[in-house]
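Okay, structure first, notes after.
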Amino acid sequence: QVQLVESGGGLVQAGGSLKLSCVASGRAFSSYHMGWFRQAPGKERQFVAAVTWRSGRTFYEDSVTGRFTISRDNAKNTVYLQMTSLNPEDTAVYFCAATVRDGNLINLRQYDYWGQGTQVTVSS
(Lines give C-alpha, C1' and ligand atoms only; values in the text may rest on other atoms or scores of the structure.)
Protein backbone atom coordinates (compact mmCIF):
# COMPACT_ATOMS: atom_id res chain seq x y z
CA GLN A 1 0.00 0.00 0.00
CA VAL A 2 1.27 3.46 -0.90
CA GLN A 3 -0.09 6.83 0.18
CA LEU A 4 0.75 9.87 -1.89
CA VAL A 5 0.63 13.50 -0.76
CA GLU A 6 1.13 16.33 -3.21
CA SER A 7 2.21 19.87 -2.37
CA GLY A 8 3.55 22.96 -4.07
CA GLY A 9 0.52 24.15 -5.97
CA GLY A 10 -0.65 27.73 -5.93
CA LEU A 11 -1.41 30.84 -7.93
CA VAL A 12 1.19 32.08 -10.40
CA GLN A 13 1.25 34.56 -13.23
CA ALA A 14 1.66 33.45 -16.82
CA GLY A 15 5.31 32.85 -17.58
CA GLY A 16 6.06 31.89 -14.00
CA SER A 17 7.24 28.64 -12.45
CA LEU A 18 6.14 26.20 -9.79
CA LYS A 19 7.61 23.00 -8.41
CA LEU A 20 5.25 20.29 -7.26
CA SER A 21 6.28 17.57 -4.84
CA CYS A 22 4.72 14.22 -4.11
CA VAL A 23 5.82 12.31 -1.03
CA ALA A 24 5.07 8.61 -0.85
CA SER A 25 4.66 6.62 2.31
CA GLY A 26 5.12 2.89 2.42
CA ARG A 27 7.86 0.59 1.40
CA ALA A 28 9.70 0.11 -1.86
CA PHE A 29 9.03 3.54 -3.34
CA SER A 30 12.01 3.00 -5.61
CA SER A 31 10.16 0.11 -7.25
CA TYR A 32 7.22 2.25 -8.36
CA HIS A 33 6.80 3.99 -11.64
CA MET A 34 5.54 7.50 -10.90
CA GLY A 35 3.34 9.79 -12.89
CA TRP A 36 1.75 13.23 -12.83
CA PHE A 37 -1.70 13.88 -14.24
CA ARG A 38 -3.91 16.95 -14.27
CA GLN A 39 -7.59 17.67 -14.45
CA ALA A 40 -9.10 20.99 -15.45
CA PRO A 41 -12.72 21.86 -14.60
CA GLY A 42 -15.12 19.99 -16.84
CA LYS A 43 -12.35 17.98 -18.48
CA GLU A 44 -11.02 14.48 -18.14
CA ARG A 45 -7.87 13.73 -16.21
CA GLN A 46 -4.93 13.80 -18.58
CA PHE A 47 -1.37 12.59 -18.55
CA VAL A 48 1.40 15.12 -17.90
CA ALA A 49 4.62 13.23 -17.19
CA ALA A 50 5.98 9.93 -15.89
CA VAL A 51 9.25 8.45 -14.71
CA THR A 52 10.15 4.76 -14.55
CA TRP A 53 11.59 3.18 -11.47
CA ARG A 54 14.49 1.24 -12.94
CA SER A 55 16.10 3.45 -15.56
CA GLY A 56 14.52 6.76 -14.66
CA ARG A 57 13.24 7.10 -18.20
CA THR A 58 10.87 10.00 -18.57
CA PHE A 59 7.77 10.63 -20.66
CA TYR A 60 5.93 13.88 -21.31
CA GLU A 61 2.70 15.04 -22.81
CA ASP A 62 3.43 17.08 -25.94
CA SER A 63 2.18 20.41 -24.63
CA VAL A 64 4.51 20.33 -21.60
CA THR A 65 7.63 19.00 -23.32
CA GLY A 66 10.46 21.45 -22.83
CA ARG A 67 8.61 23.30 -20.07
CA PHE A 68 8.04 20.63 -17.39
CA THR A 69 10.56 18.27 -15.85
CA ILE A 70 9.75 15.20 -13.79
CA SER A 71 12.35 13.83 -11.40
CA ARG A 72 12.52 11.54 -8.42
CA ASP A 73 14.58 11.22 -5.27
CA ASN A 74 14.24 7.66 -4.02
CA ALA A 75 16.09 8.46 -0.80
CA LYS A 76 13.35 10.96 0.05
CA ASN A 77 10.45 8.92 -1.37
CA THR A 78 9.59 11.96 -3.45
CA VAL A 79 8.78 12.73 -7.05
CA TYR A 80 8.86 16.28 -8.37
CA LEU A 81 7.33 18.18 -11.25
CA GLN A 82 9.20 21.37 -12.11
CA MET A 83 6.95 23.56 -14.22
CA THR A 84 8.22 26.59 -16.11
CA SER A 85 6.77 29.00 -18.68
CA LEU A 86 3.33 28.36 -17.26
CA ASN A 87 0.29 29.55 -19.15
CA PRO A 88 -3.42 29.70 -18.24
CA GLU A 89 -4.04 26.40 -20.09
CA ASP A 90 -1.93 24.70 -17.41
CA THR A 91 -4.52 25.58 -14.77
CA ALA A 92 -5.76 22.34 -13.22
CA VAL A 93 -5.63 20.08 -10.21
CA TYR A 94 -2.42 18.09 -10.45
CA PHE A 95 -2.35 14.51 -9.22
CA CYS A 96 0.53 12.23 -8.40
CA ALA A 97 0.15 8.53 -9.18
CA ALA A 98 2.11 5.32 -8.63
CA THR A 99 2.21 1.84 -10.07
CA VAL A 100 4.42 -1.23 -9.85
CA ARG A 101 3.06 -2.62 -13.11
CA ASP A 102 5.03 -2.22 -16.31
CA GLY A 103 3.00 -0.94 -19.20
CA ASN A 104 1.71 2.21 -20.78
CA LEU A 105 2.50 4.88 -18.23
CA ILE A 106 0.59 7.46 -20.26
CA ASN A 107 -2.65 5.65 -19.46
CA LEU A 108 -4.18 6.63 -16.13
CA ARG A 109 -5.66 3.13 -15.77
CA GLN A 110 -2.11 1.84 -15.41
CA TYR A 111 -1.84 3.43 -11.97
CA ASP A 112 -2.96 1.88 -8.71
CA TYR A 113 -2.40 4.69 -6.23
CA TRP A 114 -3.35 8.34 -6.39
CA GLY A 115 -2.85 11.41 -4.29
CA GLN A 116 -5.55 13.94 -3.43
CA GLY A 117 -4.22 16.55 -5.83
CA THR A 118 -2.89 20.07 -5.59
CA GLN A 119 -4.41 23.09 -7.33
CA VAL A 120 -2.34 25.05 -9.84
CA THR A 121 -3.83 28.29 -11.12
CA VAL A 122 -2.10 30.38 -13.78
CA SER A 123 -3.38 33.91 -14.26
CA SER A 124 -3.01 35.79 -17.55
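Before moving on, here are some points about what is shown:
- Exposed trypsin sites (Lys or Arg not before Pro) absent - longest run of the chain, DSSP non-H/G/I/E/B, at most 13 other C-beta within 10 Å: 58-100
- Carbon plus sulfur fraction of accessible area for segment 1-74, probe 1.4 Å, in percent: 46
- Centre separation in Å (Cα based) which lies between segment 1-55 and segment 67-106: 4
- Quotient of the Cα radius of gyration of the chain and 2.2 N^0.38 Å, N being its number of residues: 0.97.
- Average accessible surface area per residue within segment 41-124, 1.4 Å rolling probe, Å²: 55
The values are calculated or read from the model by the stated rules, or taken from the named source; none is laboratory data. Small disclaimer: the values here were computed from a predicted structure and weren't measured. So basically every Cβ, Gly included, is an ideal-geometry build from the backbone, and we count neighbours across all protein chains shown. Protein only, heavy atoms only, side chains kept; ligands, DNA and RNA dropped before computing areas. Shrake-Rupley method; radii C 1.70, N 1.55, O 1.52, S 1.80 Å.
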